[in-house]
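The values are calculated or read from the model by the stated rules, or taken from the named source; none is laboratory data. Note that this is a predicted model, so its numbers are computed, not measured. Cβ coordinates were reconstructed from backbone atoms using ideal geometry, including for glycine residues, and neighbour counts include every protein chain displayed. Just so you know, the surface numbers come from the protein's heavy atoms only, side chains and all, with ligands and any DNA or RNA stripped out. Shrake-Rupley method; radii C 1.70, N 1.55, O 1.52, S 1.80 Å.
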Amino acid sequence: MSELGFIGLGLLGTPMAGNLLTAGYGLRVFNRTASKADGLVARGATRVERAQDVAQPGGIVVSCLWDGASVDEVVRGGLLEQLGKGGLHISMATIAPEASRGLADAHRAARVSYVEAPVFGRPEAAAAKQLQICVAGAADDKARAKPILVALGGKGIFDFGERFGSALVCKLAGNFMISSAVASMTEAIAVARAEHVDPHLVVNMLTSTLFAAPIFHSYGKLLADGTSTFGQSAIPDKDLGLLGDSAVAAGTTAPLASFLRELRRAK
C-alpha cells in the first residue's frame, strides 16, 4: 500500500496510526513530543522532525490535533506547500465550523484537497476499530479518504455533504450531549450513594431500560466505579465553548452548553 503521513500522536491518534500500520500502509509520523512515536517506529513507521515532512507531493496526510490553532499552524506552516497539487489532507480535529471553512479556503488556494473528519470514540474504541466518523468535503475527496478512515478504525462513516463545518456541527452537538449525559448521571449517582443505594444497581437498571445507549453504559459504569476521568479532561470545556461560540456566530444561543461549562469550572 501507499505511504501516508500522520500528524498528532495523542491518546486517540496513536491507536489510529497503529491501525494504519496493521492495515499495511507505510507511515511517516510527527508529534511535538517525539518520544510518543517510539512504539510506531518500532513497528516500521518513519519519524520525521517537522510536521510538513510527513507529506509527499500529491500524497495523503491525516492529522489528529488538539484545536483550530494547532491545525492552522501545521497547515500554514508548510504542509500545504509540501503536499501540493493533488494532495489530500484529512483533518480529524474537533474545531469550530467557521475555522474549518477558513482552512478549506487555504487548501483550495494551494490546490490541495481537504476533508474534515471529526471522530467519536475513546482510545479503546480506536484500538478496537469501533470509531464513528463524520465527514464533509467534495465527493471525490471523501471517496479517496474513505478506505483510510475505515483502516484507521472507522466502523461507521457518516456523510454530511460538501459544506465544510457540517460534520463538525454534528461532532460538537454530540460532545455537548455527552457532557449533558455525564452531568446528569453524576448527580443521579451522587444521590444514590447519599441514600446508601448501590450505584451499580441504579446504573444497571437505567441502562438496560430507559437509557440503553452506549454513552450511558460506558460512562455510567465508570461513574459508578468511581474511575471516570471526564471531570478532569479539558476536552468537554473546549468543545462546550466551541458549541457556544458557533451558536452565537450562527445567530442562535446555547444556554445549556454555557451552563454546563460554568458548572464544570465551578468545581
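Looking at the stretch 68-123 from every direction and averaging, what is the projected area of its Cα convex hull in nm²?
Values: hull surface 15.7 nm².
Across all orientations, the stretch 68-123 yields a mean hull projection of 3.9 nm².
Evaluate the Kirkwood expression for the hydrodynamic radius of the chain, namely the inverse of the mean inverse distance over all pairs of different C-alpha atoms, and round to one decimal in Å. Walk me through the intermediate numbers first.
Details: mean 1/r = 0.0514 Å⁻¹.
Roughly 19.5 Å, rounded to one decimal.
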- [ ] Show which lysines lie in cross-link reach of Lys142 when reach means a straight Cα distance below 18 angstrom and same-chain residues fewer than eight apart are skipped.
- [x] Lys85, Lys155, Lys171
Task: Residue (of Pro199, His217, Leu103) at the positive-pole extreme of the chain, dipole from beta-carbon charges - done: Leu103
TODO: Find which of Pro236, Leu263, Ala247 sits farthest along the positive direction of the dipole of the stretch 223-267, computed with +1 on the beta-carbon of Lys and Arg, -1 on that of Asp and Glu, about the Cα centre.
DONE: Leu263
Task: Net charge dipole size for the chain [Lys, Arg +1 and Asp, Glu -1 on Cβ; Debye, nearest 20] - done: 380 debye
Task: Ranked order, Val48, Val248 - accessible area, probe 1.4 Å, largest first - done: Val248, Val48
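Please give me, ordered by residue number, the GluC sites (Glu not before Pro) of the stretch 21-123 that lie in loop per DSSP and have at most 14 other Cβ atoms within 10 Å. Please list the in-between numbers first.
Details: sites: Glu49, Glu73, Glu81, Glu98, Glu116; in loops: Glu49.
Sparse-neighbourhood loop GluC sites (Glu not before Pro): Glu49.
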- [ ] In whole Hz, with x marking every Gly and Pro, tabulate ³J(HN,Hα) for the stretch 5-20 from phi via Karplus 6.51 cos²θ - 1.76 cosθ + 1.60, θ = phi - 60°.
- [x] x, 9, 10, x, 10, x, 4, 8, x, 4, x, 5, 4, x, 5, 5
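Want the number for Arg43 to Cys170: 0.36 nm per residue separation, take away the alpha-carbon distance, what's left?
42.3 nm
Between Arg76 and Ala34, what length in nm is gained on full extension when 0.36 nm per residue of separation is reduced by their alpha carbon distance? Walk me through the numbers on the way to the answer.
Details: separation 42, 0.36 × 42 = 15.12 nm, distance 2.10 nm.
Stretched out fully, the Arg76 to Ala34 stretch lengthens by 13.0 nm.
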Open item on the list: Given Cβ point charges of +1 (Lys, Arg) and -1 (Asp, Glu) and nothing else, what value in debye, to the nearest 20, does the dipole of the stretch 103-242 about its Cα centre take?
Closed with: 480 debye
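Where both partners of a DSSP beta bridge lie in the chain, what percent of those bridges are antiparallel, to the nearest 5?
Numbers: 3 of 26 bridges.
Bridges in the chain are about 10 percent antiparallel.
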Task: Length added when fully stretched, His196-Ala250, from 0.36 nm per residue minus Cα-Cα - done: 14.9 nm
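Accessible area per residue, 1.4 Å probe, Å², for the stretch 37-115: what's the number? All intermediate terms of the calculation are to be shown ahead of the outcome.
Values: 3330 Å² over 79 residues.
On a per-residue basis, 42 Å².
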- [ ] Within the stretch 128-234, report the GluC sites (Glu not before Pro) that DSSP leaves as loop and that have at most 11 other Cβ atoms within 10 Å.
- [x] Glu195
Task: Using distinct alpha-carbon pairs, which all enter the 1/r mean, Kirkwood radius of the stretch 137-249 in Å - done: 16.4 Å
Open item on the list: Give me the percent relative contact order of the chain, please, defined on Cα pairs under 8 angstrom at least 6 residues apart.
Closed with: 13 percent
TODO: Could you give log10 I(q)/I(0) at q = 0.13, 0.14, 0.17, 0.18 Å⁻¹ for the stretch 59-160, computed by the Debye formula over C-alpha point scatterers of equal weight, without solvent?
DONE: -0.42, -0.48, -0.72, -0.80
Open item on the list: Suppose we keep just the alpha-carbon trace of the stretch 181-240; what are its Rg and Dmax in angstrom?
Closed with: 11.6, 35
Open item on the list: Counting only protein heavy atoms and a 1.4 Å probe, tell me what percentage of the chain's accessible area is made up of carbon and sulfur.
Closed with: 59 percent
TODO: Calculate I(q)/I(0) for the stretch 1-121 by the Debye formula, one identical point scatterer on each C-alpha and no solvent, and give its log10 at q = 0.18, 0.22 Å⁻¹ to two decimals.
DONE: -0.87, -1.29
